[in-house]
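> Pasting a structure below so you can have a look.
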Amino acid sequence: MPRSPHPPRRATLASLAAELNVSRTTISNAYNRPDQLSADLRERVLAAAKRLGYPGPDPVARSLRTRRAEAVGLVIPEPLTYAFSDPAALEFVAGLAESCEEAGQGLLLVAAGPGREVPDGSVLAAGVDGFVVYAAADDDPYLGAVRERGLPTVIVDQPRDVPGTSWVGIDDRAAMRELAEQVIGYGHREMALITMRLGPRTGETVQIVDERRLAATRFTAQSDRIAGVRDAMAAAGLDPETLTVVETLEHQPESGGRAAELALDSNPRVTALLCTADVLAFSAMDRLRGRGIYAPGQLSITGFDGVPEALRRGLTTVVQPTVDKGRRAGRLLLNPPRNGLPVAEVLDTEVFRGRTLGPPAG
């Protein structure tokens, strides 16, 4: 028997209801409100839907009807790969996904990295009910686009005090000061610091940071960590101006290593290298080991974040609750305070005393 040149018509909610001699509401409840049906009736509806090829209610139509997308938009102003390659960002996303899953919400990663023109529609057209913005500069255009949407928004890490938004993060300055105090307590007087990007990308991938660059930074978390080291130096009677600060403008596996070499070339007297992220410390240790420089033998190295690899490798670092930060951000967005007012949640940190910090060599 020859096949019809036309494919069979796709079953609809109405045709499925007619097939089973039930109301359209019954079919809808089988998918959206299963508690409203008996187990036997729901099973009969789903079995018939499978047999007839009914895919379920149209999610677009449902969102138009309810005016809800049932999804949270995550904006990270870095290349999309950053969310899956940086261990701290990966832990944060895992925590946020957990809170979304608890609430039965989806999670949409919004493309917002460098090299894209704003507005490019990624934020303005995102089908979400609210946004979580992760570690943005205070003048980031994507943050401006998020605010244009007028949806509930939670900012993580930076910037702080954005009107109408809640915030989750840590006291970066105090955490870094506590770590620097321990470094100084071991007798280190010549120190360098490697930081992630402080401002717009320049032609260099790593560079020495001058006071003008530092004063103009829009990345408050990084600048607060630098300030924390300077606070500890001043309290110990050291000149904060002697701190060598090197900025890496890319988040690549070799970035910390290149920055470490520049720091030591700039000041060969450095005995301790502080990094504002564990990934920078890993890269620095691996690169310097190739030059016969080991931590803590010839040089002490510290990190920041407390990712699992840091604890396995014995890196002295600041441990922050990155997974819980994601959970808190999601829960704060999906279950805001009843008064509707923005809130700020400051999470605790602690210094992990690993094997990479010791007295100055010699």
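> Once label points are set 7 Å from the Cα along Cα→Cβ at both Leu46 and Ala235, what is their separation, rounded to one decimal in nm?
So the label points at Leu46 and Ala235 sit 5.9 nm apart.
> Suppose all protein chains stay in the model; what accessible area per residue would a 1.4 Å probe give for the chain, in Å²?
Per-residue accessible area for the chain comes out at 50 Å².
> Ignoring any ligand, DNA or RNA, what whole percent of the accessible area of region 172-320 comes from carbon and sulfur when the probe is 1.4 angstrom?
Using a 1.4 Å probe with all protein chains present, region 172-320 comes out at 48 percent carbon and sulfur.
> Additional query: Could you look at region 13-57 and say what percent of its accessible area is carbon and sulfur, using a 1.4 Å probe and all protein chains?
Carbon with sulfur: 46 percent of the solvent-accessible area.
> Placing unit charges on C-beta atoms (Lys and Arg positive, Asp and Glu negative, everything else neutral), compute the dipole magnitude of region 172-320 about its Cα centre in debye, rounded to 20.
The dipole of region 172-320 has a size of about 140 debye.
> State the Kirkwood hydrodynamic radius of the chain in Å, one decimal place, computed from all pairs of distinct Cα atoms.
For the chain, the Kirkwood estimate is 23.1 Å.
> Starting from 0.36 nm per residue, how many nanometres of slack lie between Glu250 and Ser85 once their C-alpha separation is accounted for?
So the chain would gain 58.1 nm between Glu250 and Ser85.
> What's the FRET efficiency of Leu109 with Thr205 using the Cβ-Cβ distance as r and R₀ = 25 Å, to the nearest 0.05?
The pair Leu109/Thr205 has a calculated efficiency of 0.45.
> Can you work out the base-10 log of I(q)/I(0) for region 172-320 at q = 0.12, 0.16 1/Å, using the Debye formula on its C-alpha atoms alone?
The Debye formula, applied to the Cα set alone, gives -0.42, -0.78.
> Right, here's the next one. Classify region 152-216: rounded, prolate or oblate, from the alpha-carbon gyration tensor (a ≥ b ≥ c, eigenvalue square roots; a/c under 1.5 rounded; otherwise prolate if a/b is larger than b/c)?
Oblate, because a/c is 1.5 or more while a/b does not exceed b/c.
The values are calculated or read from the model by the stated rules, or taken from the named source; none is laboratory data. Being a predicted model, the structure only gives us computed values, none of them experimental. Glycine gets a Cβ as well: all are built from the backbone with ideal geometry, and neighbour counts include every protein chain shown. Calculation scope for accessible area: heavy atoms of the full protein, side chains included, ligands and nucleic acids excluded. Shrake-Rupley method; radii C 1.70, N 1.55, O 1.52, S 1.80 Å.
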